[in-house]
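The block underneath contains the structure these notes are about, expressed in structure tokens.
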Amino acid sequence: QVQLVESGGGLVQAGGSLRLSCAASGSTFGIRAMGWYRQAPGKQREYVASITSGGSKDYADLVKGRFTISRDNAENTVSLQMNSLKPEDTAVYYCNAKQFSSTYWGQGTQVTVSS
């Protein structure tokens, strides 16, 4: 089992920045990709970004050029630097980890961007 704990959410004005972090604990051997998803009120959860254990990164079109994902394999952490935030980025952000055939989720952290 892998436990994921997110931190770093909060309230920010449009154009501002936030950095989210996610720490994995438990049986972390074999975690391949880690990433972030988000879910806004009344909407489905959507993909934001991911990074493999080898460092390959991928982003949703909506966040390309504004968000940067990074990972520390030794510490089993993944971070999401979010710049130029927009009100439509408001959502609960969830950390995600894929290990062998299993997928794990964190509890989520709220990000609110005011206009």
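The values are calculated or read from the model by the stated rules, or taken from the named source; none is laboratory data. Remember, predicted model here, so these are calculated numbers, not experimental data. A quick note on method: Cβ atoms are made from the backbone with ideal geometry, for glycine too, and the neighbour counts reach across all protein chains shown. Note: areas computed on protein heavy atoms with side chains; ligands, DNA, RNA excluded. Shrake-Rupley method; radii C 1.70, N 1.55, O 1.52, S 1.80 Å.
If you take the residues in the stretch 59-90 that are acidic (Asp, Glu) and open to solvent by 20 Å² or more (accessible area, probe 1.4 Å), which one is nearest to Leu4 (Cα to Cα)?
Step one: of the stretch 59-90, the residues acidic (Asp, Glu) are 61, 72, 75, 88-89.
The next check asks that each one be open to solvent by 20 Å² or more (accessible area, probe 1.4 Å); those that pass are 61, 72, 75, 88.
Details: Asp61: 25, Asp72: 14, Glu75: 13, Glu88: 25 Å.
Filtering the stretch 59-90 for residues that are acidic (Asp, Glu) and open to solvent by 20 Å² or more (accessible area, probe 1.4 Å), the one nearest to Leu4 (Cα to Cα) comes out as Glu75.
Going through the stretch 91-110 one residue at a time, which ones are among the aliphatic types (A, V, I, L, M), open to solvent by less than 10 Å² (accessible area, probe 1.4 Å) and closer than 16 Å to Val5 by Cβ?
Correct list: Ala97 only.
Counting just the residues of the stretch 29-40 that are surrounded by fewer than 18 Cβ atoms within 10 Å (Cβ to Cβ) and touching a strand residue (DSSP E or B) at 6+ places or on another chain (Cβ under 7 Å), which one comes out nearest to Lys98 (Cα to Cα)?
Pass one, the stretch 29-40, residues surrounded by fewer than 18 Cβ atoms within 10 Å (Cβ to Cβ): 29-30, 32, 39-40.
Imposing the further condition that a residue be touching a strand residue (DSSP E or B) at 6+ places or on another chain (Cβ under 7 Å) reduces the set to 30, 32, 39-40.
Working: Gly30: 9, Arg32: 6, Gln39: 19, Ala40: 23 Å.
Here the residue is Arg32.
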Mind counting the residues in the stretch 41-56 that are surrounded by 14 or more Cβ atoms within 10 Å (Cβ to Cβ) and over 11 Å from the mean Cα position of the chain (by Cα)?
2
If I go through the stretch 53-76 residue by residue, how many of them are modelled with pLDDT under 95 and at negative phi?
6
